[in-house]
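Asker: Below you will find the structure I want to go over with you.
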Amino acid sequence: GRVALTFHGQGDPAIAHAVLAEAERARAHVTVLAVGTWLDEHPAVARRILDGGHDLGNHTLHHRTITAMSEADAYAEITGCAERLRRLTGSIGTWFRPSRTQRATPLVTRLARRAGYPHVLSYDVDSLDHTLPGPAAVVANVSAGVRSGSVVSLHFGYRDTIAALPPLLDHLDRRGLTAVTCTELLT
């Protein structure tokens, strides 16, 4: 079976680089949904993600609560990040994930399609790594819910996630699950 490990792209780029290195050491591929302002601060990370064989997508410009915004503001959040992705990589990417919500509303889905995103990405397993529960808890949270076809929510920006990745990938391997990009899993 195959699963997609998806990362919110924000925070210290050194952590992002370490997470990508751990994934690549295990020959796993991940999907990064980048926040536009993070790409402004760390433009080289976009190319690094793609060069590692990973997917890169859009997680809005400022990572605010997209479901609470006007239509115009929500569209600007999507297109603002898309413009940065295009400038840095030549493509807006395939995947859009709404900010601060597990699932997109019908309006946000429609706006993402208008902006050029064929896929709006939700997730069914939350690692809760952003609550800093410790690496073992991150592994346990994912292990409890993950199955073939799962999309797992993880984050750059937390050191625990670096430490959790090797045992998490080992766990998936023992269960016959391979970490692949969303493109490989869902298209």
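The values are calculated or read from the model by the stated rules, or taken from the named source; none is laboratory data. Everything numeric in this text was worked out from a predicted model, so none of it was measured. In this analysis, Cβ positions are derived from the backbone assuming ideal geometry, glycine residues included, and neighbour counts consider all displayed protein chains. Accessible surface is based on the protein model in full, side chains and every heavy atom, while ligands, DNA and RNA are left aside. Shrake-Rupley method; radii C 1.70, N 1.55, O 1.52, S 1.80 Å.
Asker: Kindly provide the set of residues from region 61-95 that are small (Gly, Ala, Ser), within 25 Å of Ile49 (Cα to Cα) and surrounded by 15 or more Cβ atoms within 10 Å (Cβ to Cβ), ordered by number.
Answerer: Ala76, Gly80, Ala82, Gly93
Asker: Which residue pairs have Cβ atoms closer than 7 Å, lie 6 or more positions apart in sequence or on different chains, and pair a first residue in region 110-133 that is of a type in the set (Val, Ile, Thr) with a second residue that is assigned to a helix (DSSP H, G or I)?
Answerer: Val120/Thr109; Val120/Ala112; Val125/Val142; Val125/Gly145
Asker: Among the residues of region 116-131, what is the count of those that are outside any helix (DSSP H, G or I) and open to solvent by 20 Å² or more (accessible area, probe 1.4 Å)?
Answerer: 9
Asker: Here is a follow-up. I'd like to know if region 58-68 contains one or more residues that are within 21 Å of Thr183 (Cβ to Cβ) and in a loop (DSSP other than H, G, I, E, B).
Answerer: Step one: of region 58-68, the residues within 21 Å of Thr183 (Cβ to Cβ) are 58-60.
Of the ones still in play, those that are also in a loop (DSSP other than H, G, I, E, B) are 59-60.
Yes, region 58-68 contains at least one residue that is within 21 Å of Thr183 (Cβ to Cβ) and in a loop (DSSP other than H, G, I, E, B).
Asker: Please state which of the following conditions Ala16 fails to meet, knowing it meets all the rest: (1) surrounded by fewer than 23 Cβ atoms within 10 Å (Cβ to Cβ); (2) in a helix (DSSP H, G or I); (3) touching a Phe, Trp or Tyr at 6+ places or on another chain (Cβ under 6 Å).
Answerer: Condition (1) is where Ala16 drops out.
Asker: Just give me the residues in region 132-187 being of a type in the set (Gly, Ala, Ser), more than 21 Å from Ser99 (Cβ to Cβ) and either modelled with pLDDT under 95 or assigned to a helix (DSSP H, G or I) (or both), in sequence order.
Answerer: Residues satisfying the conditions are Ala136, Ala137, Ala140, Ser143, Ala144, Gly145, Ala163, Ala164.
Asker: Sticking with this structure for a sec: Of the residues Leu154, Leu186, Leu165, only one is open to solvent by 30 Å² or more (accessible area, probe 1.4 Å) and under 23 Å from Val35 (Cα atoms); which?
Answerer: Result of the check over Leu154, Leu186, Leu165: Leu186.
Conditions tested, residue by residue: (1) among the polar types (S, T, N, Q); (2) within 20 Å of Ser143 (Cα to Cα); (3) in contact with a helix residue (DSSP H, G or I) (Cβ under 6 Å, 6 or more places away or on another chain).
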position	(1), (2), (3)
Val3	no, yes, no
Gly9	no, no, yes
Pro13	no, no, yes
Val19	no, yes, yes
Glu22	no, yes, yes
Gly36	no, no, yes
His42	no, no, yes
Ala46	no, no, yes
Asp51	no, no, no
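Asker: If I go through region 21-57 residue by residue, how many of them are open to solvent by less than 10 Å² (accessible area, probe 1.4 Å) and in contact with a Lys or Arg (Cβ under 7 Å, 6 or more places away or on another chain)?
Answerer: 4
Asker: While we're on this one: Working only within region 98-115, note down all residues that are open to solvent by less than 40 Å² (accessible area, probe 1.4 Å) and either under 12 Å from Val151 (Cα atoms) or among the aliphatic types (A, V, I, L, M) (or both). Walk me through how you get there before you give the answer.
Answerer: Taking region 98-115 as the starting set, the residues that turn out to be open to solvent by less than 40 Å² (accessible area, probe 1.4 Å) are 98-99, 101, 104, 108-109, 111-112, 115.
Matches in region 98-115: Ala104, Val108, Leu111, Ala112, Ala115.
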